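Worksheet: the structure to be examined is printed underneath.
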Amino acid sequence: MQEKKLNMFAKQEEYMALRQYIKFGESGGERGATAMVRQAIESELTPRQSQLVHMYYIEQMQMQDIADAMGLHISTVSRTIKRGRERLKSCLRYGGRALLPSLED
């Protein structure tokens, strides 16, 4: 049971970190880390993934509301957001270390 709670906490932390990362990329300004984050979102995600990730993380819409607005099934929305999140995590894992010095400025 304790391990399950730790896993849930880790997932929540991961969600918040990713949300801050995405917000940082959407916040404007085209220099340094912001430009790199924006480029990662634009180049690593498909247009639909980018749109749904934006709606979910930035606009903080519920998945059901996104599904209704886009005319999609909720499982499609969930799956698309998950795939986009995995692609961004991969980008963070392999390219994120380059962002750290510029985030400290």
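Structure above, values below:
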read-out: Relative frequency of Cα-Cα separations exceeding 18 Å in region 47-90, percent; value: 14
read-out: Nitroxide proxy distance, nm - points 7 Å out along Cα→Cβ at ARG79 and ARG19; value: 2.6
read-out: Per-residue HN-Hα couplings for region 75-88 [Karplus 6.51, -1.76, 1.60; θ = phi - 60°; Hz; x = Gly/Pro]; value: 5, 5, 4, 4, 5, 5, 5, 4, 5, x, 4, 5, 5, 5
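Laboratory data are not the source of any read-out in this text; all were calculated from the coordinates shown. This structure is a prediction, so every number in the text was calculated from the model and none was measured. Note that each Cβ is placed from the backbone with ideal geometry, even for glycine, and that neighbours are counted across all protein chains shown.
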